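A.B. asks: Below is a structure I'd like to ask you about.
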Amino acid sequence: MLHLLYETLQIVAILCFMGFLAWLWAQRARRQMELHQLHLLGRNRLLESFESPRALLDFADTETGRALLGPPAPAPCQAHRPQREGLLLIQTGLVALFSGLGLRSTYYIAMNWRAANLTLNETEAWRRALSLAQWGQIGIWLGSALILGGALAALLAHLGTRPEPKP
């Protein structure tokens, strides 16, 4: 029964990830469409301002005319706010660390399955408790490694931005 829950959660996680990617793609397509519509609107206003075809051809021969009458340039990427280096690693490490500690603490609950009036055989209870302990230990080590990596990244970024002493 538990393996069915894990498989369902994996499928839900994969579907959520695919939905997120589809949303990102739709946002990018919407921005490109808005840019293209804005470019066409500006081009139409520009074409209406010319009184004769000759004036339009003279304008199209200039560098500005080629730029305005050509295809629209892709939108520049918006610069993100500078984030503190290593902060994402530290945050992920804290989540993994506390998840590992939580799983590790449920090991003791799983070992006391008799006190909870559960009807399990001893080998099944031992297997479940051992699985919780292993996943808890993996979470603790992963969280610790991510926190140390984030701290190291922050330290190296700090050392790289310090001004050098002038002799």
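The values are calculated or read from the model by the stated rules, or taken from the named source; none is laboratory data. A quick note: this is a predicted structure, and the numbers were derived from the prediction, not measured. Here the Cβ positions follow ideal geometry from the backbone for every residue, glycine too, while neighbour counts run over all protein chains shown. To get the accessible areas, we keep the full protein, side chains included, count just its heavy atoms, and leave off ligands, DNA and RNA. Shrake-Rupley method; radii C 1.70, N 1.55, O 1.52, S 1.80 Å.
A.B. asks: With the requirement that a residue be over 11 Å from LEU68 (Cβ atoms) and over 31 Å from the mean Cα position of the chain (by Cα), what does the stretch 29-48 give you?
C.D. replies: Answer for the stretch 29-48, where residues must be over 11 Å from LEU68 (Cβ atoms) and over 31 Å from the mean Cα position of the chain (by Cα): LEU40, LEU41, ASN44, GLU48.
A.B. asks: So, one more: Within the stretch 134-143, work out how many residues are open to solvent by 40 Å² or more (accessible area, probe 1.4 Å) and over 14 Å from TYR107 (Cα atoms).
C.D. replies: Looking only at that region, the number is 2.
A.B. asks: Identify all residues within the stretch 120-167 that are outside any helix (DSSP H, G or I) and either of a type in the set (A, V, I, L, M, F, W, C) or at pLDDT 85 or above (or both); write none if there are none. Let's see the steps before the verdict.
C.D. replies: Within the stretch 120-167, the subset outside any helix (DSSP H, G or I) is 120-121, 162-167.
The one that is outside any helix (DSSP H, G or I) and either of a type in the set (A, V, I, L, M, F, W, C) or at pLDDT 85 or above (or both): LEU120.
A.B. asks: Same structure again: Would you tally the residues in the stretch 88-103 being within 16 Å of GLY150 (Cα to Cα) and of a type in the set (Gly, Ala, Ser)?
C.D. replies: Residues meeting the conditions: 2.
A.B. asks: For the stretch 51-60, name all the residues that are open to solvent by less than 70 Å² (accessible area, probe 1.4 Å) and closer than 20 Å to PRO71 by Cβ.
C.D. replies: LEU56, PHE59, ALA60
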